[in-house]
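Engineer: Dumping the structure here so I can ask a few things about it.
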Amino acid sequence: MGNCFSGPGAGHLAVGGTSAVPDTRGANEAVDNFFKSRGYQGLFYQIELSLSASNLRDRDVLSKSDPMAVVYTKGKDGSLQELGRTEVVMNSLNPQWITKVKVAYFFETVQTLVFRVYDVDTQLHGPELKALKLDDQQYLGECTCKLSQIVADPKRLWTTNLVRIADSTEASGLKKLGQLTVHAEVEIVSKTAAELTFRCSDLDNKDFFSKSDPFLLISKVVESGATVPICRTEVLKNNLKPEWKPIVLNLSQVGSKDSPLIIECFNFNSSGKHDLLGKVQKSLAELENLSSIRQGENFFKPIIVGKDHQTKILKSQLFVEKYSESVHHTFLDYFFGGCELNFMVAIDFTASNGNPRLPDSLHYIDYSGRPNAYQKAIQEVGEVLQFYDHDKQFPAWGFGARPIDGPVNHCFNLNGSSGYNPTVAGIEGIMTAYQSALSNVSLAGPTLFGPVITAAANIASHSVAANEHKYFVLLIITDGVITDLQETMDALVKASDLPLSILIVGVGGADFKEMEILDADKGVKLQSSTGRVASRDIVQFVPFRDVQGGEMSVVQSLLAELPSQFLTYMRNNGIQPKTNLATT
């Protein structure tokens, strides 16, 4: 669960994320692939689920039921994979199970959990519980929920009625099956993190026509003796005396301050076969000491002499320019402290989408139930974010259309109101308002983002003024090239100081190169017409066609950077989780 990122402005929390360095995106993408090939599996939170039940059915004749709960994760195809089982509680219709069930929580993924409760045959209690055949036990009921429903609740508590599975021969409505309560906790880990700034001297030059392009890869040594990558720096071009942006290592990620770390320096090659320039093995405690005594450590390189494996000490050195430790709160700490993610939507109604009445239109409503790209983006993103918005009242706008007997409007309320309240109730409310708007406006143009971004920023600004514990996410779905690029950049630069992130989905076959300018992933921060630079990256752009049918969904691609954008805002503004509910 450890975080690793370069610089407070960069905010890349996923291991392998890079800091903002101009002209090295291609290099850093290649390093990402190299990094993943060496074992990186992604960032997640480990959640522990505690279960209890009340008023269960009594299926035993001479005593009360002996209940056990089983937790599954449900795949998109409906298949169930068991996550874990509780112990059996003897003779109880109101069990409070001690055994916790662990599940890996991924913010950007919809994770469906199924809970089933069984009355276990008393003859089968014991260490063989994990091998127990559930088909031989008496089924008491089940319930289903999304993991985010539990996690997003300020109390991390979820209670619901137990029901019977569809193929049961008994009518569930005739019997009271009881209730199940689930409580979620993040597995306790250290929030202490070490921030380090590394530099090197006298690196070998591996390039013929220029200098080496170095980066550092940091790995931990596990019990088997193998190394597992946990962090890397950005690539610095043409530099034999590099100093990288600060990186942050969580102590839980490392193991302890005395755990050995392998720090390797590579020369980047576009082929992916990076040259090893040298390595150092040091613990965090030893790296802290290097910083305090202001001395460097010589790199070494393994070599083979004949049949012998030897070590060559190099003249190049690694220095720790700065070392400090601090407490870094996690993304979930804020939501456990009552923070909300407020979802907002803006939909492109420009004429380039095509006539909504024709099947080739991007806005065509297929009443057989197959969603168009706009509907699919709303459903997928909304399904993840809705549980983090407590009242589920979502502002929704349209742009680029002409209402009946009116001029083209580049920010109109999707609910049809002419007032100051653009909200609709829930994801279904957005879908209904969207379909209704298609019947009540004429598609026009041009494509302007500035007005809807300003409207979203105004809501975020009012929330800040009211000292609310909220963060806002605006989803813009569009089919075309924007015509107010500079105005949009001005609005984004201004909004970068607010608790706001903007997700842009490009639908259709248009050229979306300008969108990539707004998404500052290439390391060049947005700049306004007055020369002001954005305080942080708040945009994530995904062309729908690039992820359609791929392994990663639209929502995973869109939300990949949201936790880091959120945390960067909180840290930049010194906002701590509310301590009355946050984990400690």
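Engineer: May I have the extent of the alpha carbons of the range 214-281 along their three principal axes, as whole Å values ordered from largest to smallest?
Structural biologist: If we take the Cα atoms of the range 214-281, the spans are 35, 24, 17 Å.
Engineer: In percent, how large is the relative contact order of the range 302-378, given Cα pairs closer than 8 Å and 6 or more residues apart?
Structural biologist: The value is 12 percent.
Engineer: Continuing with this model, one more query. Before anything else, pin down the relative contact order of the range 54-100: Cα pairs under 8 Å, at least 6 apart, normalised by residue count, whole percent.
Structural biologist: Relative contact order comes out at 40 percent.
Engineer: When the Kirkwood hydrodynamic radius is evaluated over all pairs of different C-alpha atoms of the range 343-445, what value in angstrom, to one decimal, is obtained?
Structural biologist: Its Kirkwood hydrodynamic radius stands at 13.9 Å.
Engineer: Right, another one. If I model a spin label as a point 7 Å beyond the Cα along the Cα-Cβ vector, how far apart are those points for Ser270 and Ile517 in nm?
Structural biologist: Each label point is offset 7 Å from its Cα along the Cβ direction, giving 2.5 nm.
Engineer: Mind checking which aspartates and glutamates have their C-alpha under 12 Å from Lys322, skipping anything on the same chain fewer than 8 residues away?
Structural biologist: Correct list for Lys322: Glu195, Glu243, Glu288.
Engineer: Accessible area per residue, 1.4 Å probe, Å², for the range 307-445: what's the number?
Structural biologist: 46 Å²
Engineer: Let me ask something else. Report Lys155's accessible area, 1.4 Å probe, all protein chains in place, as a number in Å² to the nearest 10.
Structural biologist: 140 Å²
Engineer: Relative to a virtual label point 7 Å from the Cα of Ser54 in the Cα→beta-carbon direction, which members of the range 91-115 show backbone nitrogen distances below 14 Å?
Structural biologist: Residues 93-96 qualify, since their backbone N sits under 14 Å from the label point.
Engineer: A follow-up question, please. Among the lysines, select those whose C-alpha is under 21 Å from the C-alpha of Lys301, and discard any that sit fewer than 8 residues away in the same chain.
Structural biologist: Reachable lysines: Lys206, Lys211, Lys220, Lys241, Lys273, Lys279, Lys282, Lys312, Lys315.
Engineer: In what order, largest first, do Trp158, Trp397 sit by accessible area if the probe radius is 1.4 Å?
Structural biologist: Trp158, Trp397
Engineer: Just how far, in whole angstrom, is the range 192-241 from the range 507-539 if you go by their alpha carbon centroids?
Structural biologist: 29 Å
Engineer: A follow-up question, please. Here are some pairs, Lys74/Lys257; Lys102/Lys376; Lys155/Lys191; Lys102/Lys578; Lys146/Lys525; Lys376/Lys525; which of them have Cα atoms lying more than 27 Å apart in this structure?
Structural biologist: In this structure, Lys74/Lys257; Lys102/Lys376; Lys146/Lys525; Lys376/Lys525 lie more than 27 Å apart at Cα.
Engineer: Tell me, what is the 1.4 Å probe accessible area of Arg57, in Å² to the nearest 10?
Structural biologist: 30 Å²
Engineer: Shifting gears a bit: State, as an integer percentage, the relative contact order of the range 401-456 based on alpha-carbon contacts under 8 Å between residues 6 or more apart.
Structural biologist: Normalised by residue count, the contact order of the range 401-456 is 47 percent.
Engineer: Test of the criteria: in the range 342-445, which trypsin sites (Lys or Arg not before Pro) are in a DSSP loop and have at most 15 other Cβ atoms within 10 angstrom of their Cβ?
Structural biologist: For trypsin sites (Lys or Arg not before Pro) across the range 342-445 that sit outside H, G, I, E and B with at most 15 neighbouring Cβ atoms in 10 Å, the list reads Arg357.
The values are calculated or read from the model by the stated rules, or taken from the named source; none is laboratory data. This one's a predicted model, so the numbers in the text were calculated from it and none came from an experiment. Every residue, glycine among them, receives a Cβ derived from its backbone with ideal geometry; neighbour counts consider all protein chains shown. Ligands, DNA and RNA are stripped out before the accessible areas are found, and what is left, the full protein with its side chains, is counted by its heavy atoms. Shrake-Rupley method; radii C 1.70, N 1.55, O 1.52, S 1.80 Å.
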